Every structure is written in structure tokens, then in C-alpha cells.
Amino acid sequence: MAEESKLTLQDNKASLGEIEIAPEVIEVISGIAASKVEGVYAMHGSLTSGVTELFGRVNHKKGVRLTVDEEGLKVDVYCYLNYGVAVPKVALEMQEKIRQQLLFMTDIELTEVNIHVVAIIPEKAEIQKLIDLEDEDGEDA
């Protein structure tokens, strides 16, 4: 989960005031950017987020963790990929899309974008099988 403090953007030009971005916003942008990459089946979440999605509610920050330390901002993305895709190629594209989208939307540069492939999903996998996978992991990513 993201830190509770807000991220303040630094502006080198004459400032009209302060701009703060909640860490959850960074997680949502990262999650949407990652999920739109070709070859990504879904983002990894908890059993709770899987059940929530069955009721029609989408959690865009599912599978994304933001870490703030002395080096800067780091994003960890946990995802499922489609069977048959080139895993390194898809992971590199995810890293690039996340970096680009965050820079474009927030002017924030990340120090790291770490991609964690949790599983490969066969073409005809059902949503219930995905929920069962999340339940077995027992983690809350």
C-alpha cells in the first residue's frame, strides 16, 4: 500500500501555489497503463478485489504497490500474462508505458518500475479460475 503522505510537485517556474498528488493516484495511473499493454491478462489482486470486480466495481490500483524512499519513487506491478506472449517484451513495454504515462500526467519520474509476473493464463481460462489463483496466493498485492 502507498504511503499516506502526499507527493508535492516541484515547479522551477514562478509558482501559483503547491500541487500535491496522492500516492493512490500514482497507483491508479500505473495500474491502468500496465493493464492496457498487449499481452497482459489482468492485474494481480486479492480475493476481495476479485469479488468486488464481480459486482461491477473496478479497482484500477489493483496489483500496484508504490514505495517512497531516499532514492525516489518505485512502483511494483503484479500481473498475469496471456499464454504465448514474449514475457520480457511485454514486461519491458509495461515498464515503458508506466514511466511515460506518469511523466506525461504528473511530471513525476520513477526510479524503478518492477514487473512481477505472477502467472501465465491459458487462452480459455475462466474468471473463477483466476479468483481461485488469487485465493491460493493469500497475498494482498
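In segment 2-47, what residues are small (G, A, S), touching a strand residue (DSSP E or B) at 6+ places or on another chain (Cβ under 6 Å) and either surrounded by fewer than 19 Cβ atoms within 10 Å (Cβ to Cβ) or modelled with pLDDT under 90 (or both)?
Once the filter is applied, which keeps residues that are small (G, A, S), touching a strand residue (DSSP E or B) at 6+ places or on another chain (Cβ under 6 Å) and either surrounded by fewer than 19 Cβ atoms within 10 Å (Cβ to Cβ) or modelled with pLDDT under 90 (or both), segment 2-47 yields A2, G39, A42.
Output the qualifying pairs, or none if there are none: Cβ atoms under 9 angstrom, residues six or more apart or on different chains, first residue in segment 66-88 and at negative phi and touching a residue at least 24 places away in the same chain (Cβ under 8 Å), second residue loosely packed, with under 15 Cβ neighbours inside 10 Å and part of a helix (DSSP H, G or I).
Close Cβ pairs satisfying both conditions: L81/V87.
One residue is enough: does segment 48-71 have a residue meeting the conditions of a type in the set (D, E, K, R), modelled with pLDDT under 80 and in a helix (DSSP H, G or I)? Even if it seems obvious, please write down each step before you answer.
The initial filter retains those residues of segment 48-71 that are of a type in the set (D, E, K, R), namely 53, 57, 61-62, 65, 69-71.
Subsequent filtering for residues that are modelled with pLDDT under 80 retains 53, 57, 61-62.
Those still in the list that are in a helix (DSSP H, G or I) too: 53.
Within segment 48-71, one or more residues are of a type in the set (D, E, K, R), modelled with pLDDT under 80 and in a helix (DSSP H, G or I).
Identify the single condition in (1) closer than 30 Å to I21 by Cβ; (2) assigned to a helix (DSSP H, G or I) that V113 does not satisfy, given that it satisfies every other one.
That leaves (2) as the condition not met.
Restricting attention to segment 73-87, which residues are within 17 Å of the chain's Cα centre (by Cα) and loosely packed, with under 13 Cβ neighbours inside 10 Å?
V87
Restricting the search to segment 89-108, which residues are surrounded by 16 or more Cβ atoms within 10 Å (Cβ to Cβ) and not in a helix (DSSP H, G or I)?
If the condition is that a residue be surrounded by 16 or more Cβ atoms within 10 Å (Cβ to Cβ) and not in a helix (DSSP H, G or I), then I108 is the only one that fits.
The values are calculated or read from the model by the stated rules, or taken from the named source; none is laboratory data. The structure displayed is predicted, hence computed values, not measured ones. With ideal geometry, Cβ positions are generated from the backbone for all residues, glycine too; neighbour counts draw on all protein chains shown.
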